[in-house]
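**Q** This is the structure I have questions about; it appears just below.
The values are calculated or read from the model by the stated rules, or taken from the named source; none is laboratory data. Small disclaimer: the values here were computed from a predicted structure and weren't measured. We place every Cβ from the backbone using ideal geometry, glycine too, and count neighbours over all the protein chains shown.
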Amino acid sequence: MLHLPNSVLAPRHGLPRTGPLSRRGWLSVGSLALGGLTLPRLLQAEQQTRPARHKSIIMIYLTGGPPHQDMVDVKPEAPVEIRGEFKPIASKLPGVQLSELMPCVAGMLDKFAIIRSLVGAEDRHSSYQCVTGHTFRGPQPQGGWPEIGSVLSKLHGPVDPAIPPAIDLSMPMAHQPYNLPGPGFLGMAHTPFKPTGDGMADMVLQSEIAPARLHQRSQLLAGLDQWRRKIDRTAPTAGLDEFTQQALGILTSSRLVEALNLEREDPRVRARYGQDDPKVLPYSDLGYQAHMSKFLTARRLVEAGARCVTVSFADFDWHGANFKNGRKVIPLLDQGLAALVADLHERGLDRDVSVVVWGEFGRTPKVNDKAGRDHWPRVGFAMLAGGGLRTGQVIGATNRYGEEPIARPIHYQDVFATLYHQLGIDPLTTIADLAGRPQTLNATREPIRELV
């Protein structure tokens, strides 16, 4: 929510005095923050750097560590205690099989790249490595590493001043480390915007809103409108910063709310993404829900100008009932993910929007006595699509039990180097931390040659 300075706008304090408005007065308006950035700076960055098209990323974070053997690295020849209950099915790519629970993705696997040999996980239930590219236990700059959306906010700024560069659509989750870590040493100005909870309630006028609160809002808007008309009559335009002038027109912008409003979407498109299942798991009330609509919301947001949108999906920490839970969750992920990638292609966004899907580690090859799979940081998987990447391929391989990579190990930071490259950022770029020391985004890895 935008908090307008009472001394400038609130009706109970009256309107600014008549006569030309000083530059300091204009700057007091210009300091109104949207997502932590001042409006004039947002506008100036947009006018100076805004391209006809922009690169962006949608990250699907599979909390808890998804089971690679039951999704994209099936082992039908392994013993039953390893291969599990799901059968393999053929895909669009000759000779490549996926789990029977993923027929939608399998049918369009030419639009995906699968990494079956993801290594470097630190065996920690956290989003940190997936969204920053760095381990939590490794060397930390003062303030901590920023997530990729915050980096894009810092280096590229907004595409549209009414749309925050970084947006986090994840539900608040009970296990705190699952929740995104934030901007790190980049500071609050680059915190991803969360249009959920209280923040979204402030943006949308609820039907049950109290009459007194509605009256206060009406008074505020009326005062703003009257003040703006007075500015038009009295303030000289010569010499004023044009970006500060434009800032006034954004205070009541509805672009973000419109992008978040799925009622504006074609019902046929909405249906392709599937129905939300807020009770997909027995513990869904802790924040681990299957919101199919967030895949569609992510597409609408990057189309509107967001540079990075992150979505958490359900939960995959199945130490027990792995196959029971998998039958519920994996088909929903399959439908939503296939719909998202198909939608990007149909709308001509596949060259500009990179999609990455992964979790913090894989799962044990051997099924335990509770029909579950435990943590397995030695290898996992990632799926990528769009962004101009070379899709239609599988990179890397594991041994016959899915225990270890036996071909082309790919590190988390290799994936980050690839994403930064596709976003037009040199992975060796440095940004000053809170102590003024230069920190390299990705000092040791290069983009994955098979993809770029």
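**Q** Looking for something aliphatic (A, V, I, L, M) and under 23 Å from the mean Cα position of the chain (by Cα) - is there at least one such residue anywhere in the range 397-411? Steps first, please.
**A** The initial filter retains those residues of the range 397-411 that are aliphatic (A, V, I, L, M), namely 397, 406-407, 410.
When the remaining residues are screened for being under 23 Å from the mean Cα position of the chain (by Cα), the result is 410.
Within the range 397-411 (the criterion being aliphatic (A, V, I, L, M) and under 23 Å from the mean Cα position of the chain (by Cα)), the answer is yes, since at least one residue qualifies.
**Q** Go through the range 179-198 and count every residue that is among the basic types (Lys, Arg) and either under 13 Å from Leu155 (Cα atoms) or not assigned by TED's automatic domain parsing to the domain that holds Glu147 (or both). Step through it out loud before you land on a result.
**A** Taking the range 179-198 as the starting set, the residues that turn out to be among the basic types (Lys, Arg) are 194.
With either under 13 Å from Leu155 (Cα atoms) or not assigned by TED's automatic domain parsing to the domain that holds Glu147 (or both) added as a condition, the list becomes none.
Total meeting the criteria: 0.
**Q** Let me ask something else. Specify which of the listed residues (Asp350, Asp334) is surrounded by fewer than 22 Cβ atoms within 10 Å (Cβ to Cβ), closer than 17 Å to Gln289 by Cβ and of a type in the set (Asp, Glu).
**A** When all the criteria are applied, what remains is Asp334.
**Q** Inside the range 91-170, counting only helices (runs of 4 or more DSSP H) that do not spill past its ends, which hold 1 or more residues that are at pLDDT 95 or above and under 16 Å from the mean Cα position of the chain (by Cα)?
**A** Numbers: elements: 103-106, 128-132, 148-156.
Per the criteria, 128-132, 148-156.
**Q** Which of (1) in contact with a helix residue (DSSP H, G or I) (Cβ under 7 Å, 6 or more places away or on another chain); (2) crowded, with 18+ Cβ neighbours inside 10 Å; (3) outside any loop (DSSP other than H, G, I, E, B) is the odd one out, the single condition Pro427 does not satisfy?
**A** So the condition that Pro427 fails would be (3).
**Q** In addition: Which ones in the range 263-296 are under 23 Å from His345 (Cβ atoms) and in contact (Cβ under 8 Å) with a residue 40 or more places away in the chain?
**A** Scanning the range 263-296 gives Val269, Arg272, Tyr273, Gly274, His291, Met292, Lys294, Phe295, Leu296.
**Q** Filter the range 282-314 down to the residues that are surrounded by fewer than 20 Cβ atoms within 10 Å (Cβ to Cβ) and not in a helix (DSSP H, G or I) and list them by number.
**A** The answer is Pro282, Tyr283, Gly287.
**Q** Here's a follow-up. Looking at Leu62, is it under 17 Å from Leu340 (Cβ atoms) and surrounded by 20 or more Cβ atoms within 10 Å (Cβ to Cβ)? Don't jump to the end; show me each part of the working.
**A** Values: under 17 Å from Leu340 (Cβ atoms): yes; surrounded by 20 or more Cβ atoms within 10 Å (Cβ to Cβ): yes.
Spelling it out, Leu62 is indeed under 17 Å from Leu340 (Cβ atoms) and surrounded by 20 or more Cβ atoms within 10 Å (Cβ to Cβ).
**Q** While we're here: Look at Arg445 and say whether it is outside any helix (DSSP H, G or I), outside the structural domain of Arg347 (by TED's automatic domain parsing) and modelled with pLDDT under 95. Before you say what the answer is, go through the steps one by one.
**A** On the way: outside any helix (DSSP H, G or I): yes; outside the structural domain of Arg347 (by TED's automatic domain parsing): yes; modelled with pLDDT under 95: yes.
Against the criterion (outside any helix (DSSP H, G or I), outside the structural domain of Arg347 (by TED's automatic domain parsing) and modelled with pLDDT under 95), Arg445 qualifies.
**Q** Hey, another quick one. Determine whether Leu428 is in the same structural domain as Gly386 (by TED's automatic domain parsing) and without any contact (Cβ under 8 Å) to a residue 24 or more places away in the chain. Before you say what the answer is, go through the steps one by one.
**A** Values: in the same structural domain as Gly386 (by TED's automatic domain parsing): yes; without any contact (Cβ under 8 Å) to a residue 24 or more places away in the chain: yes.
The answer is yes for Leu428.
**Q** Within the range 68-82, which residues are in a loop (DSSP other than H, G, I, E, B) and either outside the structural domain of Leu332 (by TED's automatic domain parsing) or in contact with a strand residue (DSSP E or B) (Cβ under 9 Å, 6 or more places away or on another chain) (or both)? Break it down into steps so the answer makes sense when it comes.
**A** Filtering the range 68-82 down to residues in a loop (DSSP other than H, G, I, E, B) leaves 71-79.
Passing the criteria: Met71, Val72, Asp73, Val74, Lys75, Pro76.
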